[in-house]
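To start, the structure itself, in structure tokens.
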């Protein structure tokens, strides 16, 4: 069976959520993620290509309980707004056409000072309170899954182009591998400051103008130098 020339969109979920939230002033919905993909799909290079699917890489929201070490109060993750927002987003995206979820793992490593607490402590010296602490939550295996899918899609000739929406320079080796296999890499870093190396090992930088709830059509910057 022969397939038409295809491409895939790979979205770093945590990165995309943070960038959209800063623009929309609210937690993004599945519709916002789909709108972003629609904006990418409107780029002329993809007019003659068929979208294989969009992959959304994230980790399920943390559950369970943790005790705040300063006031000994119990923090139940499953009752938080963050839990409900993330669970709703993943449940909705899983049902979208041509979408696939790639989920890593979520871990809690004690507690840390929140960003607002750090700013406050920089401005004036004071005692640290229980409200200054937030759970230290990390994701495991997400970057690995993005890199593995880039390699798999390239080696199996499943696609001729891959769009990666991320700002993570750890993906550079995967970019280099795909390009050696003849796959074109498009990077969309959503105007986030990223390391030069990440841009250098992409073929084309997409510049999606995210100014409202619906993503606008992308602009592009074609690099003047070619990298192997």
(request) Take 170, 12 and order them by how many other Cβ atoms sit within 10 Å, fewest up front. (result) 170, 12
(request) Go ahead and collect, in residue order, the members of segment 177-201 whose backbone nitrogen is under 19 Å from a label point 7 Å along the Cα-Cβ direction of residue 148. (result) 177-178
(request) Enter the angle in degrees (range 0 to 90, nearest 10) between the Cα long axis of helix 81-93 and the first principal axis of the Cα atoms of the chain, meaning the one along which they spread out most. (result) 20
(message) Can you tell me, using C-alpha contacts under 8 Å and at least 6 residues apart, the relative contact order of segment 22-88 as a whole percent?
(response) 22
(request) Could I get the Rg over Rh figure for segment 19-83? Both from C-alpha atoms, Rh via Kirkwood, rounded to two places. (result) 1.20
(request) Subtracting the Cα-Cα distance from 0.36 nm times the residue separation, let me have the gained length for residue 73 to residue 116 in nm, one decimal. (result) 13.5 nm
(message) Going by Cα centres, segment 99-165 and segment 38-66 are how many Å apart?
(response) 16
(message) Can you give the Rg/Rh ratio of segment 39-135, where Rg is from the C-alpha atoms and Rh is the Kirkwood radius?
(response) 1.17
(message) I'd like the orientation of helix 13-24 relative to the chain: the angle between its Cα long axis and the longest Cα principal axis, in ° from 0 to 90, rounded to 10.
(response) 80
(request) With label points built 7 Å along Cα→Cβ from the Cα atoms of residue 81 and residue 100, find their separation and express it in nm. (result) 3.5
(message) Between residue 197 and residue 25, what's the calculated FRET efficiency when r is the beta-carbon distance and R0 is 41 Å? Round to 0.05.
(response) 0.80
(request) Kindly express, to the nearest 10 degrees and within the range 0 to 90, the angle between helix 30-41's C-alpha long axis and the longest C-alpha principal axis of the chain. (result) 30
(request) For each of 192, 75, count neighbouring Cβ atoms within 10 Å of the residue's Cβ, then give the residues from fewest to most. (result) 192, 75
(message) Please report the antiparallel percentage of the DSSP beta bridges confined to the chain, to the nearest 5.
(response) 40
(request) Express the relative contact order of the chain as a whole percentage, based on alpha carbon pairs under 8 Å and six or more residues apart in sequence. (result) 22
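Read-outs: derived from the displayed coordinates by stated rules, not from any lab. Computed from a prediction, not measured in an experiment: that's the story for all the values here. A quick note on method: Cβ atoms are made from the backbone with ideal geometry, for glycine too, and the neighbour counts reach across all protein chains shown.
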